[in-house]
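The values are calculated or read from the model by the stated rules, or taken from the named source; none is laboratory data. None of these values were measured; they are calculated from a predicted model. Neighbour counts run over all protein chains shown; Cβ positions are idealised from the backbone, glycine included.
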Amino acid sequence: MVTSDRLAKALDAVAASGLDAMLIGPSADLLYLTGYAPMPLERLILAVVRSDGQAHLIVPELEAPGAEASALDSIELHRWHDSTDPYVLVRRLLKDAPRLAVGERLWASHVLALQREMPAARMVPATELMAGLRSIKDDAELDRLGRAAEAADETFEVIVGQPFAGRTERELAEDLARILLEQGHDRTEFTIVGSGPNSASPHHEPTSRPIAPGDAVVMDFGGEIDSYFSDITRTVAVKEEPAGYREIYEVVVASQEAAFRAVTPGTPAMEVDRAARSVITESGFGDGFVHRTGHGIGLELHEAPYIVEGNQTPLEPRMVFSIEPGVYLSGRLGVRIEDIVVVTDEGARRLNHADRSLRLVN
Ligand code: ZN
Ligand code: ZN
């Protein structure tokens, strides 16, 4: 079973880290390691992955049937009753003054209660430990990410065949959400539609602004298939190109291509950001590229590796991330193009294939 391999690797990673245990609450990390996906709530649910090769799962009584049904046999289940203190139970599973890696999504209320129960514990984020495991995708994960990307590509092809002028950003966003489902997503995660001056706001919330001829329209959208995400951005112009649009569009295409070509195993993640950024800076639009170049994607929409200046993590085959440079001219227009790519033995392969050429819509 895939997940038990993952848990075995996590147990090895904790042992190699010099820490005593890793504590993981309800999150994509827990789903990844155990196959169990409970809701994060005020009652403590916690996986304790110990350096001695044992894994424990602490759950409230009422969650025990769900945990038994979905979690692994190789995890020892501990139930706690509402009248007892679950943090004492955690302490008893650990040595005195333990060194702990704590999952990023574990609620502060639980972390603070654990600190009160074990004042001598040393806690560090489990971020790097988990990123080391989750950022390298297995075949099943690559298959799901590929299917999600394909469904997002199809969504773009459908939407550009529909009229834009006269409809509002919100109407277009609702259409995108519907088409994402029609194309096979289980759930829509987000639909950004920024038109005209709003296209210069990278994470614009769709409004009732009617889209007009001569607008640039940035559409960034994605959803989930079998717990894995899609995320794509395309920019189109309505009926005619706004002034200066073509030059910026071509710069962003060239930037995205340069970043794609910079991806090889062993290359530090930040070099991909630099490759994208240098094309835009040399064209004189450097101030308009206001965000990092990309983010990993998998069980979460944004996860490691982050494609950003300062991230020296060497890229490895099977890492999957977005390449999404953009140029935003405040109050005028913006262009962003985003594809998900997977690192291969020689370079990179795009998971998105939707048209990247300059496109006019009606
Ligand atoms: Zn996106
Ligand atoms: Zn993205």
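For beta carbons closer than 9 Å, sequence separation of 6+ or different chains, a first residue in region 152-174 that is within 24 Å of Asn352 (Cβ to Cβ) and modelled with pLDDT of 95 or more and a second that is outside any loop (DSSP other than H, G, I, E, B) and acidic (Asp, Glu), the qualifying pairs are Glu154/Glu182; Thr155/Glu182; Val158/Asp175; Val158/Glu182; Ile159/Asp175; Gln162/Asp175. Of everything in region 1-36 that is assigned to a loop (DSSP other than H, G, I, E, B) and free of Cβ contacts under 8 Å to residues at least 60 places away in the same chain, the residue that is surrounded by the most Cβ atoms within 10 Å (Cβ to Cβ) is Tyr36.
Within region 285-307, residues that are closer than 19 Å to Glu224 by Cβ and among the acidic types (Asp, Glu) sit with their Cβ atoms under 6 Å from residues that are more than 14 Å from ligand 2 (Cβ to nearest atom) and at pLDDT 95 or above, at 6+ positions apart or across chains, in these pairs: Glu300/Ala28. So, in region 281-300, of the ones that are hydroxyl-bearing (Ser, Thr, Tyr) and part of a loop (DSSP other than H, G, I, E, B), which residue ends up farthest from ligand 1 (Cβ to nearest atom)? Step by step, filter region 281-300, then rank; the result is Ser283.
Among all residues of region 304-313, there is at least one that is under 17 Å from Asp138 (Cβ atoms) and either surrounded by fewer than 24 Cβ atoms within 10 Å (Cβ to Cβ) or within 11 Å of ligand 2 (Cβ to nearest atom) (or both). Of the numbered criteria (1) at pLDDT below 95; (2) in contact with a helix residue (DSSP H, G or I) (Cβ under 9 Å, 6 or more places away or on another chain), the one Asp215 fails is (1).
Scanning region 231-254 for residues that are under 21 Å from Glu171 (Cα atoms) and either among the aromatic types (Phe, Trp, Tyr) or within 16 Å of ligand 2 (Cβ to nearest atom) (or both) yields Asp231, Ile232, Thr233, Arg234, Thr235. For region 326-361, the set of residues classified as touching a Gly at 6+ places or on another chain (Cβ under 9 Å) and either at positive phi or not in a strand (DSSP E or B) (or both) consists of Ser330, Arg332, Ile337, Leu351, listed by residue number.
Within region 314-331, the residues that satisfy the criterion of being buried (at least 21 other Cβ atoms within 10 Å of the Cβ) and free of Cβ contacts under 8 Å to residues at least 60 places away in the same chain are Leu315, Phe321.
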